[in-house]
1. Given +1 on the Cβ of Lys and Arg, -1 on the Cβ of Asp and Glu, and no further charges, what dipole in debye does region 99-149 carry about its Cα centre, rounded to the nearest 20?
2. What percent do you get for the relative contact order of region 79-150 when only Cα pairs under 8 Å and 6+ apart count?
3. Treating the angle as unsigned and between 0 and 90°, give the value, to the nearest 10°, between the Cα long axis of helix 137-150 and the longest Cα principal axis of the chain.
4. Using a cut-off of 16 Å between alpha-carbon atoms, which aspartates and glutamates can reach residue 87, once sequence neighbours fewer than 8 places away in the same chain are excluded?
5. Testing the spin-label approximation: label points 7 Å from Cα along Cα→Cβ at residue 109 and residue 52. State their distance in nm.
6. How long, wide and thick is the chain, going by the Cα atoms along their three principal axes, in whole angstroms, largest first?
7. Return the whole-Å distance between the Cα centroid of region 155-170 and the Cα centroid of region 67-121.
8. Could you compute the FRET efficiency for residue 148 and residue 87, with r as their C-beta to C-beta distance and R0 at 41 Å, rounded to 0.05?
Amino acid sequence: MGQAIVRLGELKVEKFIEGVVNNYLVYSPLPLSKQHSSGLDGDIVMSATPTVEIIDADLDVSLDPQYEYAYSIGTDNKLKIAFDKTKHVNKGSAVDALKCVSVIYEQGDLIVTGNEYVLTVHNSRGEEIHRTVPQTPAQLLTIISTFDDTRQVDEVGPLDYKIRRNYTVK
């Protein structure tokens, strides 16, 4: 199995949860990741900030002061990042502070699924703004041309397109 790296700014934030002690963000599953389980496998590494891996049940307990963030990943591969309520009081502040943090993780056993590809579209700030379901290359070209024909690049900047083969994780 290979390793992958993704910035948190590339993942979709699904929820901002206000706990009693901590607030935390729930991100979309890590792309093409093997099934993880926090506290058991220890194979997720976060960069650029003092973090500790914990189990989901501990997301809303006091964090050790030597760590700014705690993270957990469940068997659904959704990454959860907890932080003290005083550190980030709202979703925008937390997302902005964490967008450049990298996550290194193990990928699952990847199996090619026919002649289909997935397109991800990023804005000029590197944020993902669209992701397709698996489609043929001809269908993806139509989507790309539609985006290019309907965007005003002088106001929002150019878009970056990334096409990768569609895989399932075994």
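The values are calculated or read from the model by the stated rules, or taken from the named source; none is laboratory data. This one's a predicted model, so the numbers in the text were calculated from it and none came from an experiment. Note that we place each Cβ from the backbone using ideal geometry, even for glycine, and neighbour counts take in every protein chain shown. Ligands, DNA and RNA are excluded from the accessible area calculation, which covers all protein heavy atoms including side chains. Shrake-Rupley method; radii C 1.70, N 1.55, O 1.52, S 1.80 Å.
1. It works out to roughly 140 debye.
2. 19
3. Approximately 80 degrees, to the nearest 10.
4. 18, 60, 64, 68, 96
5. 3.6
6. Here the spans come out as 51, 41, 23 Å, largest first.
7. Cα centroid of region 155-170 versus Cα centroid of region 67-121: 17 Å apart.
8. Details: r = 40 Å, r/R0 = 0.97.
The formula returns an efficiency of 0.55 here.
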